[in-house]
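Where a number appears in this text, it was derived from the coordinates with a stated rule and is not lab data. Here the structure is a predicted model, which is why all the values come from computation and not from measurement. No Cβ is skipped: glycine too gets one built from the backbone with ideal geometry, and neighbour counts run over all protein chains shown.
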Amino acid sequence: MGNEKHIVVLGAGYGGILTAKKLARKFKKKEDIKITLIDKNTYHTMLTELHEVAAGRVPEESIRIDLDKIFEGRNVDVVLDEIKNIDFEKKELTGDLNTYAYDYLVLGTGSKPTFYGCKGAEENALTLWSYEDALKIKYHILEAFGKASVEKTPDKRAHLLTFVVVGCGFTGIEMIGELAEWTDKLCFNFNIPREEVKLMVVDLLPRVLPMFKDKLIHKTEKRLEKLGVEVLTRSNIIEVNKNSISIEGKEPIPTYTTIWAAGVEGSDLMGTLKKEHFSKGPRNRVQTDQYLRSESHDDVFVVGDNIFFIPEGEEQPVPQMVENAEHSSALVAGNIIATIKKEPLKPYKPKFHGAMVSIGGKYGVAQVGTPKNQMVYSGFLAMLIKHMINMVYFLQVSGFNKAWTYMMHEFFHVEDRRSFLGGHFSKRSPNFFLVPLRLFLGLKWLLEGLAKLPRIMENPNDIFLIPAKLPTSGASEEWVEEATEVIVWTTSLPLPQFVEDIVSWMLNLSHGAALPVPEFVTNMVDASMDMVFYTSTGDFTAMASIFQTGMVLGEIAVGGALIIGLFTALASIGSIIMGIMIWSSNMAPVEMLWYLAAGFALIGGSGSTFGLDYYVLPFLKKQWMKLKVVKKWYLFT
């Protein structure tokens, strides 16, 4: 035990989580390396999604992940405590509950809102920088609308319905955009005319999102204008009162709701550390060397928002954004490993790829690319990029589980069409409407299979589901050609080629022909069938018998599963696969089209209504969740 090295990661933000996971992956079950993550909360908060909860777009639990779930099965001890002091000489952290010694310390305590000395702002404004902040804003907005709905005095009503967001950076624009989208629903629910609601975003800066190119700034302003937001730039807020804000040179703005999103500084703990004992940069960020070590202590590394470091060739310090947290966590984990192994350390040379800002759930702007070549996107593409980047991060934090839940609340469980996909993918209809379709499709497959089963049982080598390898007679083609000529003769008009093709296709189908198959599909299927089902003389192989028997049993199994509602999603997928196989073999009748359509319609869980899935799936889910490998790799929903 004397040679054991103890690595303490302080803070479960973006940087802290990723650093701890990377260290745990490297050291796994090494007894001489102990990794401890300390945070005052039992969960990790997705700070970039706070505005979505604050403005009622996604469920409250969607922006938090339990730390025990993240580190299940990993060599990381999660400790719940709030650290109040760090003794860098003794290498100890003092918390409310205990004292913790370390050999290497990773500071990832994040940041907090800064108020730039504005009078009354800290006391009277709502902030958006934590899970609790998001909930407080959400219920405060609901309270304001609730009070306004019963307020008869016009001035008091206007005061309640005026909402001011301070800050035209990422957080401020995302917050006001979400609130503007939510306003229509709130007005409907509380029976308040939309024109009575005033939405304002205010900043001393000369324009919104100043880090973006002019084209995106203009698009952002146009979008806010369309949403009914008044943008007040070059406005110096000198005081925030409980019921108003004061802007230099203007009349006070009466408001019941002021949301402060105008910048951040180092966390409270970073603020308490004295400069004579610890090297600090502006806004309580930690001054680091090129290896992201504290300039005053070689055993203290820094990640995420806490870093104050200006890379070589740059004029500004690394930004306080998620991408910096991701890059720095990889470097810090690698340099701690190198330090322990007495290997050379690597310098921090980050290459940031831009930023994405959503203005509500339907529209966004993005500036991404290489540092020297940034491309601009807006609308659908910008939102798609933002969601894809989020998915990549969530896969790192909590794997499939978080990626799945993110897709659910962003794409599929969407209310009021507040998604860049609209409501097209939103699951709205009750499943019981699909029960008749499920039963009918199941019955059709079951009857098909049972009708063929006696023939299979009588002679398994009697192949009737796979076409014999014989040359075609061309009779159907001749029939179609004659019928087409009749149509041309009766109309006395020449038909364009595409019309003749359509006529041929329709006449083929009406004459009992199979659904058409593209030539490239036919070529691929024929090639594979030649290898598996036919001998060199054109006879059927043993695999043909096995395949045919499997198809018949599959039809019975899929039909039965759909009828009783057991593993309905898998049965529906099986129905689609069988339909595609029949179609690709040039043997699918017209009715196969609705087999395929019905299969797609039933994938989304129709067995949970009047089916065994209602009982079986919850039971299986409980058993699945007990498996260690499932919890470790987040293979659950």
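Modelled label-to-label distance, Glu314 and Met457, 7 Å Cα→beta-carbon offset: nm?
Label-label distance for Glu314 and Met457, simple model: 7.4 nm.
Once you charge only the Cβ atoms, +1 for Lys and Arg and -1 for Asp and Glu, what is the size of the charge dipole of the stretch 589-637 about its Cα centre, to the nearest 20 debye? Show your work: numbers first, answer last.
Working: 6 positive and 2 negative charges, 131 e Å.
I would put it at about 620 debye.
Among Ile340, Ile176, Ile310, rank each residue by its count of other Cβ atoms within 10 Å, from fewest to most, as a rough exposure measure.
Ile310, Ile340, Ile176
In the chain, what percentage of the DSSP-assigned beta bridges are antiparallel, given to the nearest 5?
Approximately 50 percent, going by the DSSP bridge assignments.
Where both partners of a DSSP beta bridge lie in the stretch 244-348, what percent of those bridges are antiparallel, to the nearest 5?
So the antiparallel bridges in the stretch 244-348 amount to around 75 percent.
Run the paramagnetic zone check for Thr272: 7 angstrom along Cα to Cβ, then residues of the stretch 86-125 with backbone nitrogen under 11 Å.
Inside the label zone: 86-87, 94-97.
How long is the gain from Asn373 to Tyr139 if the chain were fully straight, where each residue apart is worth 0.36 nm and the alpha carbon distance is subtracted?
Values: separation 234, 0.36 × 234 = 84.24 nm, distance 4.24 nm.
Length difference between fully extended and current span is 80.0 nm.
Rounded to a whole number, what is D in µm²/s for the chain from Stokes-Einstein with the Kirkwood radius over alpha-carbon pairs (4 °C, 1.567 mPa s)?
Value of D from the Cα-based Kirkwood radius: 44 µm²/s.
Work out from phi, with θ = phi - 60° and the Karplus expression 6.51 cos²θ - 1.76 cosθ + 1.60, the ³J(HN,Hα) of each residue of the stretch 123-130, listed in order in whole Hz, and give x for Gly and Pro.
Per residue, the Karplus-derived 3J(HN,Hα) values read 7, 10, 8, 7, 10, 10, 8, 7 Hz.
Each residue of the stretch 179-196 in order: what ³J(HN,Hα) in whole Hz does its phi give by Karplus 6.51 cos²θ - 1.76 cosθ + 1.60, θ = phi - 60°, with x for Gly and Pro?
Each residue of the stretch 179-196 in turn: 5, 5, 5, 6, 4, 4, 5, 5, 4, 5, 5, 9, 6, 10, x, 4, 5, 7 Hz.
Residues of the stretch 218-252 with backbone nitrogen within less than 19 Å of a virtual label 7 Å along the Cα-to-Cβ line of Thr153, please, listed as ranges.
Once the point is set 7 Å along Cα→Cβ of Thr153, 241-245, 252 turn out to lie under 19 Å by backbone N, inside the stretch 218-252.
Quick one: angle between helix 435-458 and the longest Cα principal axis of the chain, in degrees between 0 and 90, rounded to 10, please.
Compared with the principal axis, the helix lies near 40 degrees.
Round to the nearest 0.05 the FRET efficiency obtained for Asp416 and Glu60 when R0 = 25 Å and r is the Cβ-Cβ distance.
Working: r = 17 Å, r/R0 = 0.69.
It comes out at approximately 0.90.
Show me the GluC sites (Glu not before Pro) within the stretch 221-282 that DSSP assigns to loop and that have at most 11 other Cβ atoms within 10 Å of their Cβ.
Hits after loop and neighbour filter: Glu248, Glu276.
Check Gly281: other-chain or 5+ apart residues with amide H under 5 Å from its amide H, H built from backbone geometry?
Correct list: Val286, Gln287.
Using the alpha-carbon atoms, what tilt in degrees (0 to 90, nearest 10) does helix 542-564 show relative to the longest principal axis of the chain?
With rounding to tens, the tilt is 60 degrees.
Val106's amide H: which non-local residues (gap 5+, or another chain) put their own amide H closer than 5 Å, with H modeled 1.01 Å from N in plane and none for Pro or chain starts?
Val8, Val9, Leu10, Phe301
Once the Cα atoms of helix 475-491 and of the chain are each reduced to a long axis, what angle between those two axes, in degrees from 0 to 90 to the nearest 10, is obtained?
Once rounded, the angle reads 80 degrees.
What dipole magnitude, in Debye to the nearest 20, does the chain give about its Cα centre under +1 on Lys/Arg Cβ and -1 on Asp/Glu Cβ?
Here the size comes out at about 1660 debye.
Could you name the lysines in cross-link range of Lys274, using Cα to Cα under 17 Å and dropping any fewer than eight places away on the same chain?
Within the straight-line cut-off, Lys274 pairs with Lys84, Lys90, Lys91.
Along the Cα→Cβ direction, 7 angstrom out, place labels at Asp289 and Met524. What is the inter-label distance in nm?
Those two pseudo-labels are separated by 5.7 nm.
Quick check for you: which residues of the stretch 547-584 have the amide N under 13 Å from the point 7 Å beyond the Cα of Phe610 toward its beta carbon?
Answer for the stretch 547-584: 563-565.
In whole Hz and in residue order, list the ³J(HN,Hα) couplings for the stretch 334-349 that follow from phi through the Karplus curve 6.51 cos²θ - 1.76 cosθ + 1.60, θ = phi - 60°; x for Gly and Pro.
Karplus values, whole Hz, x for Gly and Pro: x, 6, 5, 4, 5, 4, 5, 8, 6, 10, x, 8, 9, x, 8, 10.
What does the helix-only formula give at 222 nm for the chain: each DSSP H stretch with n ≥ 4 adding -39500 (n - 2.57), the total divided by the residues, and the result rounded to the nearest 500 deg cm²/dmol?
-14000 deg cm²/dmol
5 Å is the cut-off here: which amide hydrogens, built 1.01 Å from N in the peptide plane, fall below it relative to Glu230, excluding neighbours closer than 5 in sequence?
Leu199, Met200, Val201
Just grab the label-to-label distance for Thr535 and Thr94, each label 7 Å out from Cα along the Cβ direction, in nm (one decimal).
Distance between label points: 9.0 nm.
Which is farthest toward the positive dipole end of the stretch 252-379 among Tyr348, Asn335, Pro371, measuring Cα position about the Cα centre, with Cβ charges +1 (Lys, Arg) and -1 (Asp, Glu)?
The Cα lying farthest towards the positive end belongs to Pro371.
So if we plug the beta-carbon distance of Phe432 and Gln623 into 1/(1 + (r/R0)^6) with R0 = 45 Å, what FRET efficiency do we get, rounded to 0.05? Before the final figure, lay out each step's value.
Details: r = 27 Å, r/R0 = 0.60.
According to the calculation, E is roughly 0.95.
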